[in-house]
Amino acid sequence: MKKIVLLALCLVSFVFILSGCSSSESFEEKSYTPDVQIVGINLDVEDREIKVSLSEDEQVHIQYSENSKEYYDISVSDENVLTMTSASNKSWTDYIGFKPAAEDRKISLQIPNGLLENLTLSTTNEDITLSALAVTGSINISSNGGSISFENLDVGSALSLTVKNGDISGTVVGSYDDFAIQTEIKKGESNLPDNKDSGEKTLNVSSNNGDVNIEFVNE
């Protein structure tokens, strides 16, 4: 019995030692504004909350925090599509006993209204929130471990929403008849039909262990 207790104490001490070795490097607030007119955005990050609002100067702006262990790769393609992805320089001990503060796990994205063709957002374990905005093409949003909420999203062709262990709620600009609808709901409730074929635009919704509540509004 004494050997078991001693072994348990050793394991606990080992964890505390590793926790002390894990990274506690502070984060630095940064911002990015591309010097070209962006036509599409692709944010593919991990463990980050994403908040999207309208830009006041018809430019794209991103505010975020990073350090040498957790940072982002940001690039603009020849087609003027902005891509932002999570990058990491962590060792395995950095995952023990340390989690960035909530304010360091946020990405704030401002976009011009009605000028983007496509907007794609993806994250894990955090929520995605969008204010009223319009794109000329499609919006694709995904959160694994968080919820998606929005108001008055206006798409030119398609809206795709996917969550796991989270809810989807918001309003879409247009009438119910404007959209062909496809939904896949597991362990949750939805106010949308499973399938609706007619409509010039498409609305695809997938939820695993979460509820869906989407309303249509005319502006």
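The values are calculated or read from the model by the stated rules, or taken from the named source; none is laboratory data. For clarity, every value in this text was computed on a predicted model and none was experimentally measured. Cβ atoms come from the backbone with ideal geometry, glycine included; neighbour counts cover every protein chain shown.
Here's the yes/no breakdown for (1) closer than 25 Å to residue 189 by Cβ; (2) touching a residue at least 60 places away in the same chain (Cβ under 8 Å); (3) of a type outside the set (Phe, Trp, Tyr); (4) out of contact with any Gly (no Cβ under 6 Å at 6 or more places or on another chain):
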position	(1), (2), (3), (4)
108	no, no, yes, yes
114	no, no, yes, yes
131	no, yes, yes, yes
139	yes, no, yes, yes
145	yes, no, yes, yes
149	yes, no, yes, no
163	yes, no, yes, no
Quick one: which of 163, 135 is of a type in the set (A, V, I, L, M), under 16 Å from the mean Cα position of the chain (by Cα) and buried (at least 17 other Cβ atoms within 10 Å of the Cβ)? 163
State which residue pairs qualify: first residue at pLDDT below 75 and inside the stretch 80-106, second residue among the acidic types (Asp, Glu) and surrounded by 14 or more Cβ atoms within 10 Å (Cβ to Cβ) in any location, beta carbons under 7 Å apart, and separation of 6 or more residues or different chains. none
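Out of curiosity, is residue 207 surrounded by 14 or more Cβ atoms within 10 Å (Cβ to Cβ) and either within 16 Å of residue 142 (Cβ to Cβ) or of a type in the set (Phe, Trp, Tyr) (or both)? Write out each step before concluding.
Details: surrounded by 14 or more Cβ atoms within 10 Å (Cβ to Cβ): yes; either within 16 Å of residue 142 (Cβ to Cβ) or of a type in the set (Phe, Trp, Tyr) (or both): yes.
Yes; evaluated as a whole, the condition is true for this residue.
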Can you spot a residue in the stretch 145-157 that is aliphatic (A, V, I, L, M), surrounded by fewer than 21 Cβ atoms within 10 Å (Cβ to Cβ) and part of a loop (DSSP other than H, G, I, E, B)? no
